[in-house]
Amino acid sequence: MNYLFKKSRLSLIGSTALLFSAATLALASNQGNTTPTINNNTGAIGNQIDPNGETIQARFGRLFPGGGLHTIEGSLRRVWGTTFSHGVSPSASADSFMREWSMLWNVPYTQLEKVGPFEDGAHTLPLVTGEDGTSSEFTVAYFRQQAKGVPVFRSYGWGLVRNEDAFPMVLAGATLRNIGTMEAQLTGKNLDASSIDVGLVGSQALGQFSSPPQMNTPRYVVWAGLDEDVQAAKLAVEFVATGGGAFDPSNYQKILFVVDAANGNILFQESMIYHSTVTGQVNEYVTTDYRADACSAEVIRGMPYAKVLIGTATVYTDTNGAFSYTNTGTASLVVAPSLAGKYFKVVEQSSTLGTIASQTLANGDSGTFLFNPVPDVVNTAQTNSYEIANRTREKILAANASYPTISTQTSFTINTNIADVCNAYYDGSSINFFSAGSGCNNTAFGDVVAHEYGHHMVSTGGSGQSQYGEGQADIVGIIITDNSQLGVGFQSCSSGIRSASNSCQYSSTGCSSCGSEIHACGQLISGCFWSLRNSFISTYPSDYRTRLAKLAVNSTPLHAGSGTIQNDITLDYLTLDDDNGNLGDGSPNYTAISNAFSSHGLLPPSLALFTISLPNGGPTTIDPSGGTTMSVSIVPVSSQVLAGSAKMYYREGTSGTFSSVVLASLGGNNYTATFPAGGCNVKVQYYIEAKSTGGSTMVLPTTAPTTNYSTTSVLSSVVAFSDTFDGTSTTFTVGAPGDTATVGTWIRSTTLSGCGASASAYSGSKAFITGSGSCVDVDGGKTSLISPSIDGLGADVLDVKFALYLSYFNVLVTDDPLEVFVSNDGGQNWVLAASYSTGQSWNLKTINMLDYVSQSGDMKVKFVAQDNGTDNVVEAAIDSVSFTKVSCYPALFADLDRNGQVDSGDVGLILLDVGPCFGCATDLDGSGEVDSSDVGLALLNYT
């Protein structure tokens, strides 16, 4: 699907509606006829399966039961709903998430670089300026997708991080794309811009201009589609071509092209001139309101941030037009203001730029200057556009003091009185306004100026323009005027050309019920904003406009790389409004935002009936005898909890039927779950369930019982010994009576190669292997590897865990197993515990030694590799051996030798200590003396 558009010049004479912009982008169509639903754990997104057989979506659902994956037309657009990562900084938190979860987009982390969609490529951006005017409530960290250093066109991922302790990341979004084998295709290619064949790449694109255009320096990009349309990746070239200009408005074109690097075929083009149809005025003598100059009288206002030349020095006025300058001398100074300022400069296209006579002021004197002293349409256009542009910039920076480009940009160009009529436009480097004529007033006024500068906000915020750019630019106009009518006075002083007070509904096939043309479709989002405004004005009468501006302005950078209007914008507003990192329980203004966007078909996620959480987390282990408790919180959100319905479901193992226990209510939202008695050293799975008074059920985790929480039923679990064989020495020994192998005996080594041997250790760099030379395997019999002695006394379970590698070089064998023996007498006698005769890559094995021998203080394990009878290739390796002592039940009273029973051995130990013995273990009654009373206690507990 190619994105091919021709520039649209808007002739508005006789039109009933006036279009604000000629910016055009393809409209993304949604499947179906309704707003895309908020899906918690589904979507045509990454479907990788890990070694445990779990898909990445299932793993996400298990780890983030309160999180959601929001897809639009099969593309994952938002990860939302809870806290997903933490870090020492906003960048580190978002980076941690992307490292772990970039494959949700089928994009490996190695393709991401810390570059944002802004002119300076900034990686992070503060959002929502705090009440102190300097701090920010959020930070967005951006990541650009690239292949071999070549950026993927408009492909970005980002994480929204709250600026608080541990920097929780609460929302992620992306326009990332699966680019397949593109990295391999680019290997070895010269990707420097100097290698681009300019004649080839411009062969089709530049033919659209009436005269040879200027072309900026092209660069290589990877083209993989736009927005929801993901295409097969190919190497492309991006450049901007400009023809005509403000001096030649009829032929002015500025177009961004992406063309196939191989043949110059146009893959995408976008006009960078964004026309609009609103009017306004600004200056010293400026229009009293936001209508066109022909509709209202003029009033004197201070000129914000105006440039004032004082002698040879330059100062700027403040927002109210006041300035001061410290004169270090005593002589009079010539003071000369100009119709230019710190942040904007007015460039007149049809007449003469307004000037004012300088004044010579004595030291200590004050002077007053007035631009446009006798207001006329030409000069009022200059002053109106200057004032409104500055006021719009102030509103944007009040919402986000670090907004990209706008926060640092100076001398942005305003072209006034262009020799054309009934339009205005933004072209990426200036805002431009037309003269009066053909039934239209001069367009340099009010929300027309704000709208065009709103396009600049959209562009510098990293978003696409199209339908979203038009709607968002209209919202910027509303932020300035607080009026739902847009462009009042463009043609008629009593009405505007578009209204945000509308009933436009989202359409999956035509953008909105108000139309699919980008200006008509833009009313969809401006309608949502106006509906929200009408709610906020009642709730926050003193600062509703500030609150609205913060949401609108700071949602723009979250729209990075996209130009469509979808209900992901609803999620952006809700997350920016949220105050605890959990959308499941709503946000301070959830109802207002939800109602505003729902009324136009941009549906939000449904609130939970109530939220279930484990305030202190789940227990790592539980007492096999029962009685372990766990705190549960169930907080009503949109429904109350049915009395007696809160339960914990549990089972031993990973299959079978769940049993349940009712949670004990502690009052309010607090409950206690108590685990019953269970088996020893077994995995226990559990989840929480509660019902609403309406009969609906909620569970935690949200996908239970498919996914569950788990714990282990043990009293204690201690690793008594472990060895990864990577140290300078080891206490394992090689060789035992009966060993006959002539070669391939066990050796601790890093050289693992040939004839089916493992190429690397299980962990670290070393392992015990059967021969370290190339194709050296076991021959001539057996070779044994023996562990050091382990004290197993007092254990109910003694697990030996080890990593095993075994290869017979693809041959089926029957007489050469790798055998594992256990001993409880220091290796005098051995009992076979396991036998492996199937080749396998590294696998972690676990054997409970007490299943084969009784506990003692001198327990060992022996690994035997062998080549018996037929000469087979036998390559074996052992790594990462550990012994874990598990206790499930309290120690027996009077079991002094810790053998699990009270017997004659314990009585004998008591008799050996007869006499005064303060603090001795054999002083069972604590009398300070071992005597017949202690013997009696032992006999009472005799087993």
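The values are calculated or read from the model by the stated rules, or taken from the named source; none is laboratory data. Keep in mind that this is a model prediction, so the values were computed, not measured. For neighbour counting, all protein chains shown are included, and Cβ atoms are generated from backbone atoms with ideal geometry for every residue, glycine included. Note: accessible area is taken over every heavy atom of the protein model, side chains too, but ligands, DNA and RNA are not part of it. Shrake-Rupley method; radii C 1.70, N 1.55, O 1.52, S 1.80 Å.
Miscellaneous remarks
- Of all residues in region 595-617, those being assigned to a loop (DSSP other than H, G, I, E, B), open to solvent by 40 Å² or more (accessible area, probe 1.4 Å) and at pLDDT 90 or above number 4.
- Residues of region 764-775 satisfying the condition of being open to solvent by less than 50 Å² (accessible area, probe 1.4 Å) and modelled with pLDDT under 90: G771, S772, G773
- In a residue-by-residue description of region 309-317, the property of being without any contact (Cβ under 8 Å) to a residue 60 or more places away in the chain, under 49 Å from the mean Cα position of the chain (by Cα) and in a loop (DSSP other than H, G, I, E, B) applies to at least one position.
- Region 388-401, residues that are at pLDDT 95 or above and either part of a loop (DSSP other than H, G, I, E, B) or not hydrophobic (A, V, I, L, M, F, W, C) (or both): N390, R391, T392, R393, E394, K395, N400
- Counting the residues of region 699-730 that are under 29 Å from T628 (Cα atoms), open to solvent by 40 Å² or more (accessible area, probe 1.4 Å), of a type outside the set (V, I, T) and not in a loop (DSSP other than H, G, I, E, B) gives 6.
- Condition met for T922 (part of a loop (DSSP other than H, G, I, E, B), open to solvent by 20 Å² or more (accessible area, probe 1.4 Å) and of a type in the set (V, I, T)): no
- Count of region 354-387 residues which are modelled with pLDDT of 90 or more, buried (at least 16 other Cβ atoms within 10 Å of the Cβ) and more than 15 Å from N442 (Cβ to Cβ): 1
Per-residue answers, yes or no, for (1) basic (K, R); (2) modelled with pLDDT of 95 or more; (3) open to solvent by less than 10 Å² (accessible area, probe 1.4 Å):
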| position | (1), (2), (3) |
| --- | --- |
| N432 | no, yes, yes |
| G439 | no, no, no |
| N442 | no, yes, yes |
| A450 | no, yes, yes |
| H455 | no, yes, yes |
| V476 | no, yes, yes |
| G487 | no, no, yes |
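- Output for region 644-658, where each listed residue is assigned to a loop (DSSP other than H, G, I, E, B) and either without any contact (Cβ under 8 Å) to a residue 12 or more places away in the chain or under 34 Å from the mean Cα position of the chain (by Cα) (or both): A646, T654, S655, G656, T657
- Here M103 passes the criteria (1) closer than 25 Å to A166 by Cα; (2) surrounded by 21 or more Cβ atoms within 10 Å (Cβ to Cβ) except the one numbered (2).
- For region 862-879, the condition holds for no residue, the condition being that it is open to solvent by 20 Å² or more (accessible area, probe 1.4 Å), touching a Lys or Arg at 6+ places or on another chain (Cβ under 6 Å), among the β-branched types (V, I, T) and assigned to a strand (DSSP E or B).
- Checking the stated criteria, T355 turns out not to satisfy the condition of being in a loop (DSSP other than H, G, I, E, B), out of contact with any Leu (no Cβ under 9 Å at 6 or more places or on another chain) and at negative phi.
- In region 607-635, the residues that are on the phi < 0 side of the Ramachandran plot reach residues that are of a type in the set (D, E, K, R) and open to solvent by 40 Å² or more (accessible area, probe 1.4 Å) with C-beta atoms within less than 7 angstrom, at least six apart or across chains, in these pairs: A608/D585; T611/D585; V635/D585.
- Which numbered condition D95 fails, given (1) modelled with pLDDT under 95; (2) under 15 Å from G159 (Cβ atoms); (3) in a helix (DSSP H, G or I): (1)
- Criterion applied to V743, V813, V778 was being surrounded by fewer than 19 Cβ atoms within 10 Å (Cβ to Cβ), modelled with pLDDT of 90 or more, over 22 Å from G826 (Cα atoms) and of a type in the set (A, V, I, L, M), and the one residue passing it is V743.
- Among the residues making up region 810-854, those that are assigned to a loop (DSSP other than H, G, I, E, B), in contact with a strand residue (DSSP E or B) (Cβ under 7 Å, 6 or more places away or on another chain) and closer than 30 Å to D897 by Cα are N824, G826, G827, N829, W830, Y852, V853.
- Counting only residues that are part of a loop (DSSP other than H, G, I, E, B) and either within 18 Å of D871 (Cβ to Cβ) or touching a strand residue (DSSP E or B) at 6+ places or on another chain (Cβ under 8 Å) (or both), region 737-749 holds 7 of them.
- Scanning region 659-681 for residues that are out of contact with any Cys (no Cβ under 8 Å at 6 or more places or on another chain), open to solvent by 40 Å² or more (accessible area, probe 1.4 Å) and in a loop (DSSP other than H, G, I, E, B) turns up G668, N669, P676, A677.
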